[in-house]
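The values are calculated or read from the model by the stated rules, or taken from the named source; none is laboratory data. Just so it is clear, the structure is predicted and the values come from calculations on it, not from any experiment. Note: ideal-geometry Cβ built from the backbone for every residue, glycine included; neighbour counts use all protein chains shown. These accessible areas exclude ligands, DNA and RNA; they are computed on the full protein's heavy atoms, side chains included. Shrake-Rupley method; radii C 1.70, N 1.55, O 1.52, S 1.80 Å.
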Amino acid sequence: RLSLQHKADRLAQLIETIDRTLSQYTEGTQPMKDEELYKGFTPEQAQRYRREASQSYGEERVQTTEERIRGWGNQKWEAVKGEMGAATEAIAQLMDRDPGDPEVQAQVARHHAVIQQFYPAPAEVYSGLAQTYTDHPEFRAFYEKIRPGLAEFMRAGMEYYIEHNLKE
């Protein structure tokens, strides 16, 4: 009888574990794996980008950011990526305006808010990101594919935002 009760308790525990795991996957709260974190990049690109980020911002900041993102799960990851894409597309649609235009700046503020979900982005960090958009060939190419001139426009809009909203 104890053996049967022990087996029943063990099976109940296994069922609870399976249910919890399934709900994490269906709700998108299962921690992401490295290959999901860098999805869309070749392993070589992922290693290089990680190394460059570590050199620029420090290993501790990179690890903290990776842990934060891993904890999001796929559903939040996709939502944040979608919001970033929407902000970028909105900025691209406003390229006929001055970077300081209120609507442009509203979208840059949206972009900054998304970045801050990944890591704190005070003036110096956000400025470094703006510079990366124009100076790093792969980042520049990414934005130029969306719309020619977007990398420069993003940088100008971000620099205006920094000067008027992030400088103390």
Scoring the range 113-164 by relative contact order with C-alpha pairs under 8 Å, at least six apart, yields a percentage of 35 percent
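Taking only Cα atoms of the range 120-168, what ratio of Rg to Rh do you get with Rh as the Kirkwood inverse-distance radius? Provide the component values of the computation, followed by the final result.
Details: Rg = 10.9 Å, Rh = 10.8 Å.
On the Cα set of the range 120-168, Rg over Rh gives 1.01.
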Per-residue counts of other Cβ atoms within 10 Å, averaged by peptide: what ranking do you get for 54-64, 122-132, highest first? 122-132, 54-64
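Work through the residues other than S127 whose Cβ is under 13 Å from its Cβ and net out their charges, Lys, Arg +1 and Asp, Glu -1.
Values: positive: R155, K167; negative: E124, D135, E159, E163.
Residues close to S127 contribute a combined charge of -2.
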What distance in nm lies between label points placed 7 Å from Cα along the C-beta direction at Y49 and A79? 2.2 nm
Can you work out the accessible area per residue across the range 39-168, with the rest of the protein chains kept in place, probe 1.4 Å, in square angstrom? 57 Å²
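Determine the relative contact order of the range 46-153: mean sequence separation of Cα pairs under 8 Å and six or more apart, normalised by residue count, in whole percent.
On the way: 57 pairs, mean separation 22.0, N = 108.
Result for the range 46-153 is 20 percent.
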